[in-house]
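A.B. asks: A single structure is presented below for examination.
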Amino acid sequence: MDSRSPARRTPPRRPWASCAPSGAATYFNVSVTAAFTTSDGKVHASADGPIDIVAGTKATTASLYPGGSTTKTFTSVAALKLVEAGKLDLDAPIHEAVDPWLKTQGHKSLLELGGGDRTILEVTGRQLLQMRGEIQDYYDATLRQWTVQHPTRDWAPIEYIESVAKEFLFAPGQGGAYSGNSYVLMEWALCAAV
C-alpha cells in the first residue's frame, strides 16, 4: 500500500435490527417489507405493519403487496418505449387507444365512465404522464374505509375510475394536480398498445 494513501477502513457493522422497519408502519396503517443482500451473500429481511386489520395479521417477509405509486415510474418508461417503437402517440387523445381496449374488457368507454363530459376526449397521454390531464384522484378516506371493510380484496383499476368525481379540475393541459388515476388511464393505453 502506498504510504501516502489513507488506511482503508471497514465501516462499523450495524446490527440488522437497527435497519428493520419500526412500529410506525402499524401506526400509519401501512405494511412494509425490506430486504437486502450483503457482499457476503447473506440476505437480511424484515417486515412490519398489518396485512389484515380485522384479523390482526401482521406482514411477513413473504407478504405480497400491490405495487401502488411505484408503478408510475414503470408506466412512464413503458410508455416511452412504446413511443420509440411507434406503437403509442403521446399527443393523440387517449380515448382513441383506450376505448376500444375497454370495450374488449367489457367496460364502458371513457366518455361513459366520465359521466358524458366530453372534456375526456381532449386528454392526451402526455398530459396524463405529466399529471396535467386534470383527472380527479381517488378519495383516500373512501378507499381507506373500504379497505378496512374488505381486508382481503384490493380495488381493481376500473373501481378507482368509477369512484372519482366526474368534474375536471381544469381544462386539460391548463393546470396540474396529482392524480394516480391519470396513471390508471395511461396503463390502459399501454394495454391497448401491446
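The values are calculated or read from the model by the stated rules, or taken from the named source; none is laboratory data. Values in this document were obtained by computation on a predicted structure and should not be read as measured data. Cβ sites come from the backbone with ideal geometry, for glycine too, and all protein chains shown count toward neighbours. Please note that ligands, DNA and RNA were not included when accessible areas were found on the heavy atoms of the full protein model with its side chains. Shrake-Rupley method; radii C 1.70, N 1.55, O 1.52, S 1.80 Å.
A.B. asks: Spin-label point model (7 Å from Cα, Cβ direction): what's the Thr147 to Thr37 distance in nm?
C.D. replies: 3.0
A.B. asks: While we're here: With every protein chain kept in the model, how would you rank Phe168, Phe36, Phe28 by accessible area, 1.4 Å probe, largest at the top? The partial results should precede the final answer.
C.D. replies: On the way: Phe168 45, Phe36 85, Phe28 140 Å².
Ranked list, largest accessible area first: Phe28, Phe36, Phe168.
A.B. asks: Count neighbours as other Cβ atoms within 10 Å of each site's Cβ, and list the trypsin sites (Lys or Arg not before Pro) in the stretch 84-156 that are DSSP loop with at most 10 such neighbours.
C.D. replies: Working: sites: Lys87, Lys103, Lys108, Arg118, Arg126, Arg132, Arg144, Arg153; in loops: Lys87, Lys108, Arg132, Arg153.
Counting only loop positions with at most 10 other Cβ atoms within 10 Å, the trypsin sites (Lys or Arg not before Pro) in the stretch 84-156 are Arg153.
A.B. asks: Given a Förster distance of 25 Å, report the FRET efficiency between Lys58 and Ser163 from their Cβ-Cβ distance, rounded to the nearest 0.05.
C.D. replies: 0.30
A.B. asks: Placing unit charges on C-beta atoms (Lys and Arg positive, Asp and Glu negative, everything else neutral), compute the dipole magnitude of the stretch 38-194 about its Cα centre in debye, rounded to 20.
C.D. replies: Numbers: 13 positive and 19 negative charges, 55 e Å.
For the stretch 38-194, the charge dipole is close to 260 debye.
A.B. asks: Considering the options Thr33, Trp188, Gly176, tell which one lies farthest towards the positive end of the dipole of the chain, charges being +1 on Lys and Arg and -1 on Asp and Glu at the Cβ, about the Cα centre.
C.D. replies: Looking along the dipole axis, the top candidate is Thr33.
A.B. asks: Measuring with a 1.4 Å probe in the full set of protein chains, what accessible area per residue, in whole Å², belongs to the chain?
C.D. replies: Values: 12270 Å² over 194 residues.
That works out to 63 Å² for each residue.
A.B. asks: What number, in percent, do you get for the relative contact order of the chain if the mean sequence gap of Cα pairs under 8 Å and at least 6 apart is divided by its residue count?
C.D. replies: Numbers: 248 pairs, mean separation 37.4, N = 194.
Result for the chain is 19 percent.
A.B. asks: Between helix 94-104 and the chain, what is the angle of the helix's C-alpha long axis to the longest principal axis, kept within 0 to 90° and rounded to the nearest 10?
C.D. replies: Tilt relative to the chain: about 90 degrees.
A.B. asks: Considering only protein heavy atoms and a 1.4 Å probe, what is the carbon-and-sulfur percentage of the accessible area of the chain? Write out the running numbers ahead of the final one.
C.D. replies: On the way: 6820 of 12270 Å².
It is 56 percent, rounded to a whole number.
A.B. asks: Further question: Can you tell me the orientation of helix 71-84 relative to the chain, as the angle in degrees between its alpha-carbon axis and the longest Cα principal axis, to the nearest 10?
C.D. replies: 60
A.B. asks: With a ≥ b ≥ c the root eigenvalues of the C-alpha gyration tensor of the stretch 57-188, is it rounded (a/c under 1.5), prolate (a/b larger than b/c) or oblate? Please list the in-between numbers first.
C.D. replies: On the way: a/c = 1.78, a/b = 1.40, b/c = 1.28.
Since a/c reaches 1.5 and a/b is larger than b/c, the shape of the stretch 57-188 is classed as prolate.
A.B. asks: Here are some pairs, Lys72/Lys108; Lys58/Lys166; Lys58/Lys103; Lys81/Lys103; Lys72/Lys103; Lys42/Lys72; which of them have Cα atoms lying more than 28 Å apart in this structure?
C.D. replies: Pairs exceeding 28 Å: Lys58/Lys166; Lys58/Lys103; Lys42/Lys72.
A.B. asks: Modelling each spin label as a point 7 Å along the Cα-to-Cβ direction, I'd like the Ala177/Lys108 distance in nm, to one decimal.
C.D. replies: With each label placed 7 Å out from Cα toward Cβ, I get 2.0 nm.
A.B. asks: Using the Cα gyration tensor of the stretch 81-136, with a ≥ b ≥ c the square roots of its eigenvalues, what is the shape: rounded (a/c below 1.5), prolate (a/b larger than b/c) or oblate (neither)? Provide the component values of the computation, followed by the final result.
C.D. replies: Details: a/c = 2.42, a/b = 1.26, b/c = 1.92.
In terms of gyration-tensor shape, oblate.
A.B. asks: Mind running the shape call on the stretch 139-194? Use the C-alpha gyration tensor, a ≥ b ≥ c as the square roots of the eigenvalues: rounded below 1.5 for a/c, prolate if a/b tops b/c, oblate otherwise. All intermediate terms of the calculation are to be shown ahead of the outcome.
C.D. replies: Values: a/c = 2.93, a/b = 1.35, b/c = 2.17.
The shape class here is oblate.
A.B. asks: On to the next question. Angle, helix 180-193 long axis vs. longest principal axis of the chain, Cα atoms, 0 to 90°, nearest 10?
C.D. replies: Helix 180-193 sits roughly 80 degrees off the main axis of the chain.
A.B. asks: Just name one of Ile51, Val83, Gly67: the one whose Cα is farthest towards the positive end of the charge dipole of the stretch 25-97 (beta-carbon charges, Lys/Arg +1, Asp/Glu -1).
C.D. replies: It is Ile51.
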